[in-house]
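Below is one structure, written out as structure tokens; comments come after it.
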Amino acid sequence: MKFLCLPGAYGSADKFQVQLAPLVNELFSDGSASFRFVDAPCEAVPPEGFEDFFGKPPYYRFIEPDEKESQDTDVLSRIRDFPECDTPEDTMRELMKEGIASSVLSTNRAIQYLFDIMEKEGPFEGIIGYSEGATVAGTFLLAEQKRFEETGRIPQIKCGIFFAGWPPLDPTTYAMVLSDESDLMINIHTCHIIGSLDPYVPGSMALYNACEPDTAYIFDHGKGHTLPREKGVIKELGDVIRKMMVEASA
């Protein structure tokens, strides 16, 4: 199974390939999967104080504010004060409730960018996203579903793997898709890799809740907003993903 791999905000294809190397090696070792890593289309500058966290440039993003008047309008500028609410959906609503700039232009560009890659280099049967890349992957899956409903064109992607993601955006309204207020749902097989110590784990759970529950796996590596690397954890995760791939291909 061939996977299209989307890095997180302020990352790059090369950095994500290093971060995901243990899992790539695990799944590549028996021919289960192959991988295509891509940069996001928007050049970016990390928020002040986060430069060391994201390593050396270049930095890229998939989604950015349509108007870059102030960092305060960028949702990623608010992660220092991530809210705590009763449900994952309430938490995301609180995070997004006021003053967040529209990101319609870059969301549209990101969706078309991924469609173009799939046309030129596909078919891809799977998609992998980390953090912002997971949000974009989920949004793209909804865009594939929308295109199928409008044109009858069969979606390429059969399964999605999300590391520390947040909910997708509605490809029609560009609002965040939250399960307690939207009927939209990612309807393919998904695997959600979360860290129970991740301060942003409500976002991951809101993404999980926006997916078809009968075909959604959840895997907790027990750490933070990172990708798992320990050998035993990677072996266990690899087995979960292989099972999902078999079911998705049936």
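Details
- ³J(HN,Hα) computed for each position of the range 208-225 - Karplus, 6.51 cos²θ - 1.76 cosθ + 1.60, integer Hz, glycine/proline x: 4, 5, 8, 10, 4, x, 6, 10, 10, 8, 10, 9, 9, 8, x, 10, x, 7
- Burial order of peptide ranges 235-247, 156-168 (average beta-carbon count within 10 Å, highest first): 156-168, 235-247
- Residue-by-residue Karplus 3J(HN,Hα) for the range 235-250, coefficients 6.51, -1.76, 1.60, Hz, glycine and proline x: 4, 5, 5, x, 5, 4, 5, 4, 4, 4, 4, 4, 5, 5, 8, 5
- The aspartates and glutamates within cross-link reach of LYS158, meaning a Cα-to-Cα straight distance under 12 Å and a gap of 8 or more places when in the same chain, are GLU125, GLU144, GLU247.
- Close amide H pairs (under 5 Å, H built 1.01 Å from N) link LYS158 with GLY126, residues at least 5 positions away or on another chain.
- Full extension of the segment from LYS146 to SER32, taken as 0.36 nm per residue of separation minus the current Cα-Cα distance, would add 38.2 nm.
- Accessible surface of the chain, 1.4 Å probe, proportion on carbon and sulfur as whole %: 52
- Label-zone membership for the range 210-226, site ASP86, 7 angstrom Cα→C-beta point, backbone N under 12 Å: none
- Between the C-alpha center of the range 175-250 and that of the range 15-64 there is a gap of 18 Å.
- The Cα-based radius of gyration of the chain, divided by its Kirkwood radius, gives an Rg/Rh of 0.93.
- Averaged per residue, the chain has 47 square angstrom of accessible surface, using a 1.4 angstrom probe with ligands and nucleic acids left out.
- Stretching VAL18 away from LYS223 to a fully extended chain increases their span by 72.0 nm, per 0.36 nm per residue minus the current alpha-carbon distance.
- Here the Karplus curve 6.51 cos²θ - 1.76 cosθ + 1.60, taken at θ = phi - 60°, turns the phi angles of the range 192-206 into couplings of 10, 9, 10, x, 4, 9, 5, x, 9, 4, x, x, 5, 6, 5 Hz, with x standing for Gly and Pro.
- The stretch between GLU67 and GLU43, if pulled fully straight at 0.36 nm per residue, gains 7.2 nm over its current Cα-Cα span.
- Dipole-positive endmost among PRO83, PHE124, PHE163 within the chain (Cβ charges, Cα centre): PHE124
- For a label point 7 Å along the Cα-to-beta-carbon line of VAL240, residues of the range 191-219 with backbone N under 12 Å: 191-196, 216-219
The values are calculated or read from the model by the stated rules, or taken from the named source; none is laboratory data. Please read these numbers as outputs of a predicted model, since none were measured by experiment. Ideal geometry is used to build each Cβ from the backbone, glycine not excepted, and the neighbour counts take in all protein chains shown. Protein only, heavy atoms only, side chains kept; ligands, DNA and RNA dropped before computing areas. Shrake-Rupley method; radii C 1.70, N 1.55, O 1.52, S 1.80 Å.
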